[in-house]
1. Heavy-atom accessible area per residue, the chain, 1.4 Å probe: how many Å²?
2. Could you work out the equivalent-ellipsoid semi-axes for segment 227-284, taking the square root of 5 times each eigenvalue of the Cα gyration tensor, largest first, in whole Å?
3. When the Karplus curve 6.51 cos²θ - 1.76 cosθ + 1.60 is applied with θ = phi - 60°, which whole-Hz ³J(HN,Hα) does each residue of segment 209-221 get, with x for Gly and Pro?
4. Please work out the Cα center distance from segment 133-190 to segment 87-120, rounded to the nearest Å.
5. How much length, in nm to one decimal, is gained on full extension between residue 223 and residue 133, taken as 0.36 nm per residue of separation minus their Cα-Cα distance?
6. Can you run phi through the Karplus equation (6.51, -1.76, 1.60; θ = phi - 60°) for segment 109-120 and list ³J(HN,Hα) in whole Hz, with x for Gly and Pro?
7. Roughly how many nanometres apart are two label points built 7 Å out from the Cα toward the Cβ at residue 279 and residue 151?
8. May I have the convex hull volume per residue, in Å³, for the Cα set of the chain?
Amino acid sequence: MDYKKILEDIYLEIRPYEKMGKQADYIPALAKVNPDQFGMCLESVSGEVYPFMQSDTRFSIQSITKVFALALVLSLKGEDLWKRVGKEPSGTAFNSLVQLEVERGIPRNPFINAGAIVLTDILLTELKDPDNEFITFVRALCGSDSVNYNMEVAVSEREKGYLNAAIANMLKYHGTIENDIEDVLMFYFKMCSVEMSCRELAKAFIPFTNISPFYYSGYKLTSSQIKRMNAIMQTCGFYDEAGEFSYLVGLPGKSGVGGGIVAIYPMRYAVAVWSPRLNSRGNSVMGIKALELLTTATQESIF
Ligand code: GLN
């Protein structure tokens, strides 16, 4: 498959969308990002890399970080996680509180904010040095030691993070989180603030293609656990747009409000795309379009 040519053709086709949507501005530090940027990178399980345009520019991975957090928590706690978080798609916005109240503090799934805040709480309890251990794990996955938190973004999100604070308070009220609310929120915002490029993200997701045994910085996952993580990415990775993404793209994946999306073609490749302008569901307009065209051109999807 000539992925280099396919990526070039895709870009020509998505150019009409380049001014659609706008970057996340509810996190003040992200409002400053130049919205007119685009990068993409596909990495195959055999190590071929197809970088395109700004594939080496780092951006805020935001909710993509939830995949790394889930991997760590599954490695540490296994099936026990599911006592505190569900595995059903929510059909609501990533930061919605509606179901959390009705369902008495058990988040629908680990990829909505409420679920990821529970993952964060578990990491704070289980890890001796959460800040270091989390970033060491991410660095091991992508093979780059300079990947790091962006404290300006994390602090900026904390200052305006009223909804996430409400979610954390609701979780605490129901006893779903154990640690101090402020500590949980700050570590959650730090994990979201990690900056990576498309090239680094594609590489970091290769282990989730399930091609070989998963063992990174001391954490193991079985192939069955990875298969199930992919199932959750497929059903919950795009919040209230998960069905649409599944319909258009047909791959498991995860988006973030920094404009990044990573998708996985199990046993074959991982592909990351980034463009900061988002649609009303908080997902990258050009990112979704690019992946739709990729799986249409290649006929490579899980369906
Ligand atoms: N840090 C963001 C938040 O909690 C992550 C949301 C996202 O990327 N969808 O609101």
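1. 40 Å²
2. 18, 13, 9
3. 6, 6, 7, 8, x, 8, 8, 9, 6, x, 9, 10, 10
4. Comparing the Cα centres of segment 133-190 and segment 87-120, I get a distance of 16 Å.
5. Working: separation 90, 0.36 × 90 = 32.40 nm, distance 2.24 nm.
Taking 0.36 nm per residue and subtracting the Cα distance, the gain is 30.2 nm.
6. Per-residue couplings from phi come out as 7, x, 9, 6, 4, 4, x, 5, 5, 5, 4, 4 Hz.
7. Label at residue 279, label at residue 151, 3.8 nm between them.
8. With only Cα atoms used, the chain gives 110 Å³ per residue.
The values are calculated or read from the model by the stated rules, or taken from the named source; none is laboratory data. Predicted model only: the values in this text are computed from it and were never measured. Glycine also receives a Cβ, built like all others from the backbone with ideal geometry; neighbour counts cover every protein chain displayed. Note: areas computed on protein heavy atoms with side chains; ligands, DNA, RNA excluded. Shrake-Rupley method; radii C 1.70, N 1.55, O 1.52, S 1.80 Å.
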